[in-house]
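One structure is given here, and the rest of the page talks about it.
The values are calculated or read from the model by the stated rules, or taken from the named source; none is laboratory data. None of these values were measured; they are calculated from a predicted model. Virtual Cβ from ideal backbone geometry, glycine too; neighbours counted across all protein chains shown.
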């Protein structure tokens, strides 16, 4: 029996292992049967969309998701390895008020403990979720509603221009889209702010490989494997330059790949580290330290693709037809060079930067605890 009556604030934490086990639909079944809030890892960001979407946990996770993790009394982790980007450098500080139940098919992941007294299930994620569904479980609607209220309350905070650009893209996507995200700031902005309509959409992320430039090859492969389906490739200016020659593949095969470049003219994640940790001693990451960006519109047109260069994501609606037709395209979306990622969890303290005003945090905690 997993759901003991003593638990009143449980969460289901779904990782990409759920997808690998072919159990994605069971997440929705469990969420709708029990009204348990569902959080995800970054790699599993597309496992809880539509009406059960709250956010993902970890270093650049949604603030609401990390706050819920701190307030819950039970974590049922399925197919999530709970690495340092989720747990931090001091595991005992992870979800301090919660008991932890872990299901993983990889015995070596389970060989390390996250919390004292945690329960471990070395089994298939689909079998485990089916076991949970078979339990006689009480309804957690009140707790779920509080989680959704705090999600909505905190929604306006922490937004950067990259998040707003991804929201503008989301608004133009069809139901159940296929999205390929690159590595870097654009990946985090997508995981934070890409809200898919429907249950069957996919967000292809490279995960722990950190393969900068992966989104265009991902998009090409996804389109071919789905019989020439439209795929939305969200990339950065640095990532696109890693595999820019694949524009020829898109043109030659006439694949309906829509390439959306979040272009802040810097190597964002590395420049962020140089800004935060090294006193703005930039090297080969900005326009004045040895990094530059070409004219993507002209390059795409040279390959024979439709292309546009936008001064802001606010112009995206003018190209809404490009999102729904069968023609490949590239849209270069300018972002401020100083675009940042927020929030960010510090590994050693699990404190979130930047901190919000105490009145905002107190209100969010009040919503969760009332």
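Which of the residues spanning segment 312-332 are surrounded by 14 or more Cβ atoms within 10 Å (Cβ to Cβ) and either outside the structural domain of residue 193 (by TED's automatic domain parsing) or not in a loop (DSSP other than H, G, I, E, B) (or both)?
Those that are surrounded by 14 or more Cβ atoms within 10 Å (Cβ to Cβ) and either outside the structural domain of residue 193 (by TED's automatic domain parsing) or not in a loop (DSSP other than H, G, I, E, B) (or both): 313, 315, 316, 319, 322, 323, 329, 330, 331, 332.
Looking only at residues that are in a loop (DSSP other than H, G, I, E, B) and surrounded by 18 or more Cβ atoms within 10 Å (Cβ to Cβ) in segment 199-216, which one is modelled with the lowest pLDDT? Break it down stepwise before answering.
Step one: list which residues in segment 199-216 are in a loop (DSSP other than H, G, I, E, B), which gives 199-201, 205-206, 210-214.
Right, trim to surrounded by 18 or more Cβ atoms within 10 Å (Cβ to Cβ) and you get 199, 201, 205-206, 212-214.
Details: 199: 92, 201: 95, 205: 92, 206: 87, 212: 92, 213: 94, 214: 95.
Ranking the candidates gives 206 first.
On the given criteria, is residue 240 under 22 Å from residue 178 (Cβ atoms) and either over 24 Å from the mean Cα position of the chain (by Cα) or outside any strand (DSSP E or B) (or both)? Break it down into steps so the answer makes sense when it comes.
On the way: under 22 Å from residue 178 (Cβ atoms): yes; either over 24 Å from the mean Cα position of the chain (by Cα) or outside any strand (DSSP E or B) (or both): yes.
Yes: the conditions hold for residue 240.
Would you say residue 235 is buried (at least 19 other Cβ atoms within 10 Å of the Cβ), part of a loop (DSSP other than H, G, I, E, B) and in contact (Cβ under 8 Å) with a residue 40 or more places away in the chain?
Working: buried (at least 19 other Cβ atoms within 10 Å of the Cβ): yes; part of a loop (DSSP other than H, G, I, E, B): no; in contact (Cβ under 8 Å) with a residue 40 or more places away in the chain: yes.
Here the answer is no, as residue 235 does not meet what is asked.
Quick test for you: out of 151, 144, pick the one residue that is modelled with pLDDT of 95 or more and within 20 Å of residue 194 (Cβ to Cβ).
Within the list 151, 144, the selection yields 151.
Scanning segment 268-301 for residues that are in contact with a strand residue (DSSP E or B) (Cβ under 8 Å, 6 or more places away or on another chain) and part of a loop (DSSP other than H, G, I, E, B), which turns out nearest to residue 162 (Cα to Cα)?
Within segment 268-301, the match that is nearest to residue 162 (Cα to Cα) is 293.
Of (1) outside the structural domain of residue 225 (by TED's automatic domain parsing); (2) part of a helix (DSSP H, G or I), residue 168 satisfies all except one. Which?
Unmet for residue 168, out of (1) outside the structural domain of residue 225 (by TED's automatic domain parsing); (2) part of a helix (DSSP H, G or I): (1).
Might you let me know whether segment 339-360 holds any residue that is in a helix (DSSP H, G or I), touching a helix residue (DSSP H, G or I) at 6+ places or on another chain (Cβ under 6 Å) and either surrounded by 13 or more Cβ atoms within 10 Å (Cβ to Cβ) or touching a residue at least 12 places away in the same chain (Cβ under 8 Å) (or both)?
Taking every residue of segment 339-360 in turn, none turns out to be in a helix (DSSP H, G or I), touching a helix residue (DSSP H, G or I) at 6+ places or on another chain (Cβ under 6 Å) and either surrounded by 13 or more Cβ atoms within 10 Å (Cβ to Cβ) or touching a residue at least 12 places away in the same chain (Cβ under 8 Å) (or both).
Evaluate the following for residue 335: is it in contact with a strand residue (DSSP E or B) (Cβ under 7 Å, 6 or more places away or on another chain), assigned by TED's automatic domain parsing to the domain that holds residue 188, surrounded by 14 or more Cβ atoms within 10 Å (Cβ to Cβ) and within 30 Å of residue 69 (Cβ to Cβ)?
So residue 335 passes the test.
Sort out which residues of segment 293-311 are farther than 17 Å from residue 262 by Cβ and surrounded by 18 or more Cβ atoms within 10 Å (Cβ to Cβ), and write them in order of number.
Correct list: 303, 305.
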